[in-house]
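Where a number appears in this text, it was derived from the coordinates with a stated rule and is not lab data. Owing to the predicted nature of the structure, the values given are computational and were not obtained by experimental measurement. Here the Cβ is made from the backbone with ideal geometry for all residues, glycine too, and neighbour counts use every protein chain on show.
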Protein chains: 2
Amino acid sequence: MSVVVVGSVAYDGVETPHGHVERMLGGACTYIALASSYFAKTRIVAIVGDDFAKEDEAFLASRGINLEGLERVAGKTFFWAGVYSPDMNDRTTLVTDLNVFAGFDPKLPESYRAAPYLILGNIQPALQRSVREQMNGLRLAGGDTMNYWIKDYRDELLATIRQWDFLLINDAEARMLSGEHNLRRAAAKIFEMGPHTLVIKRGEYGAVLFHRDWHFIVPGYLLEEVFDPTGAGDCFAGGFIGYLAEKGFDLKAGHIDAKELSRAVIYGSVMGSFCCEKFGVDRFRTLTRSEIDARFDEFRAFTEF
Amino acid sequence: MSVVVVGSVAYDGVETPHGHVERMLGGACTYIALASSYFAKTRIVAIVGDDFAKEDEAFLASRGINLEGLERVAGKTFFWAGVYSPDMNDRTTLVTDLNVFAGFDPKLPESYRAAPYLILGNIQPALQRSVREQMNGLRLAGGDTMNYWIKDYRDELLATIRQWDFLLINDAEARMLSGEHNLRRAAAKIFEMGPHTLVIKRGEYGAVLFHRDWHFIVPGYLLEEVFDPTGAGDCFAGGFIGYLAEKGFDLKAGHIDAKELSRAVIYGSVMGSFCCEKFGVDRFRTLTRSEIDARFDEFRAFTEF
């Protein structure tokens, strides 16, 4: 079943201890869609400028991603540049040129509206909300946000996530949104805001999924070498929603299959870990589904007791 | 089968966001032994002053801990005081009065020498080494260390851990000892120093066990409330060695049972999590083995997929 992904398609300049790339394909929507494309039909809604390269479009299409919702306008594509700390746990933004992204007003193609799965990358909450409202027949909807919206657009954000099934954020964002340091209490507060499922990304330490009265925790995959963590959280999101779409996960069935949600967290973790192995989206140029499933099995091997 | 624990028995003054205790029973040996005592016969080697309270001795004895190796001398017992940061991830030492601990020269009672399991709390490496050499018939030996010994007593430390089966340290210590930031590479370097098993404690994020060509990772238990993290790492060590002693884990059998080592990491995590629920050793005044086993099952429930 198909997934609609909304967010930024961008060019990134990235410097890590392993190298420096001036300009490469990036953006939350790109990473989410690439990861999701291994599991389910994936349709994107995004905006790019007339500088958006034919080969980047071809690469997305080669992964079977539906680009009907990729709006092309005059001007430049969103550009972001940043540099990572030596241990890659922190990064400093050097450039944020919104360019055509400043005028992004996502309009869903008619063919997208009945898709059952929706994932909203980190954009202005009002835009996320308008997309959610253009859809009918959703089985599962949710997305990401960030400190900026939590702090300065709190009411707009709360009105937006009230309609979501899941919220997918990092631990600092969960603490900021809930006002609780303790993650169990943070989750309880966030459930009162609407979502019944909270996925907390903890970077190298893995992820926690909270669902009302139970939770699931997975540690991070220990990579031998992290080349570039850019996009890892978005790839997590793509693996998570993609796997649920592949399985036809349905809330309306009246019960939540805890094991399926947990396995979605594992597939999210798998996709995030692959993302770090090369610069930008490069790992997805060669990655195969059998490599993904083999890493899923590795997760089982190093967590089972 | 029995476990010998060597390290500090102390009084601690602790301040956390949840309260302040001026003076309470503490010390690495105390915490390790208390945790181990739920699994195996536990014998301690430590030194205290003439101020060591009868009720503290009675408490240790009530847990079945053998105190034959607890040396009592004139003077004051080791005293440490510290204050935790609001999120309890950092602590500042306010007082370290070694007192009688400065003259600690561990001598094993004859009845301890044939014990099959030895765990060395964080003390000067030369003392750890001398204890190791007083034992015969060991099945498994290892212990803890800290940044101070890694930095300023490196040669002495290397000569000591060369004889150990396992080293149990935190991630910062593993990085410092190995000179490698990446934990997989840090483990590979540490294996060259002697131990075949490396357990890395990651605080709230859990623990990783590396053994030559495989590893096991467990996330941390999500407590609703952390009252006092003092001793949690030592309780982890006590649960780890205690469980292996209970099972009669034997390297000499020619193969390593990976699942038993992994379960030892879980029992370590269980004991560390209980430790945080009350100030100092207080949780161990009421904790039962059935509570421990129930939490072990909880670990399975929140990590299985």
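Quick notes
- Rounded to 5, the percent of DSSP beta bridges in the protein assembly as shown classed as antiparallel: 45 percent
- Lys/Arg +1, Asp/Glu -1 at C-beta; region B:26-104 dipole; positive extreme among B:89, B:45, B:64: B:64
- The phi-based Karplus calculation (6.51 cos²θ - 1.76 cosθ + 1.60; θ = phi - 60°) puts the 3J(HN,Hα) values of region B:102-116 at 4, x, 5, 9, x, 10, 7, x, 3, 5, 8, 5, 8, 4, x Hz, whole numbers, x for Gly and Pro.
- Quarter the surface of the alpha carbon convex hull of the protein assembly as shown and you get the mean projected area, 27.3 square nanometres.
- Note on region B:151-305: the alpha carbon radius of gyration divided by the globular reference 2.2 N^0.38 Å gives 1.05.
- Counting only cysteine Cβ atoms and a cutoff under 4.7 Å, the protein assembly as shown contains unmatched residues A:29, A:276, B:29, B:276.
- In the assembly of identical copies, residue A:179 has its label point, taken 7 Å from Cα in the direction of the beta carbon, separated from the corresponding points by 5.1 nm (ascending, one decimal).
- Rounded, prolate or oblate (a/c below 1.5 giving rounded, otherwise prolate when a/b exceeds b/c) for region A:90-206 by Cα gyration tensor: oblate
- Near the amide H of residue B:91, within less than 5 Å, lie the amide hydrogens of B:85, all on another chain or at least 5 residues away, with H placed in the peptide plane.
- Panel note: the C-alpha atoms of region A:174-243, placed on their principal axes, show extents of 38, 27, 19 Å (largest first).
- Cα pair distances in region A:1-96, grouped into 10 Å bins until the bin that holds the longest one, percent each: 16, 45, 29, 11, 0
- In order through region B:276-290: 3J(HN,Hα) via Karplus (6.51 cos²θ - 1.76 cosθ + 1.60), integer Hz, x for Gly, Pro: 6, 6, 9, 5, x, 8, 4, 4, 7, 6, 10, 4, 10, 4, 6
- Averaging the sequence gap over all C-alpha pairs within less than 8 Å and six or more residues apart, then dividing by the number of residues, gives chain B a relative contact order of 18 percent.
- Placing a label point 7 Å from the Cα of residue B:17 along the Cα-to-Cβ direction, the distances to the matching points in the other copies come to 3.1 nm, shortest first.
- In this assembly of identical copies, the label point of residue A:155 (Cα plus 7 Å along Cα-to-Cβ) is separated from its counterparts by 7.1 nm, sorted shortest first.
- Chain B: translational diffusion in µm²/s, Stokes-Einstein, Kirkwood Rh over Cα pairs, 10 °C, 1.306 mPa s: 83 µm²/s
- 3J(HN,Hα) couplings calculated from phi for region A:194-206 with the Karplus curve 6.51 cos²θ - 1.76 cosθ + 1.60 (θ = phi - 60°) are, in sequence order, x, x, 9, 10, 10, 10, 9, 8, 10, x, 4, 8, x Hz; Gly and Pro show x.
- Cross-link pairs B:41/B:278; B:151/B:201; A:201/A:278 - those with Cα-Cα distance over 22 Å: B:41/B:278
- For a straight C-alpha distance cut-off of 24 angstrom, the lysines reachable from residue A:76 (same-chain residues fewer than eight places away being disregarded) are A:54, A:107.
- The protein assembly as shown, helix-only ellipticity at 222 nm - DSSP H runs n ≥ 4, -39,500 (n - 2.57), divided by all residues, nearest 500: -10500 deg cm²/dmol
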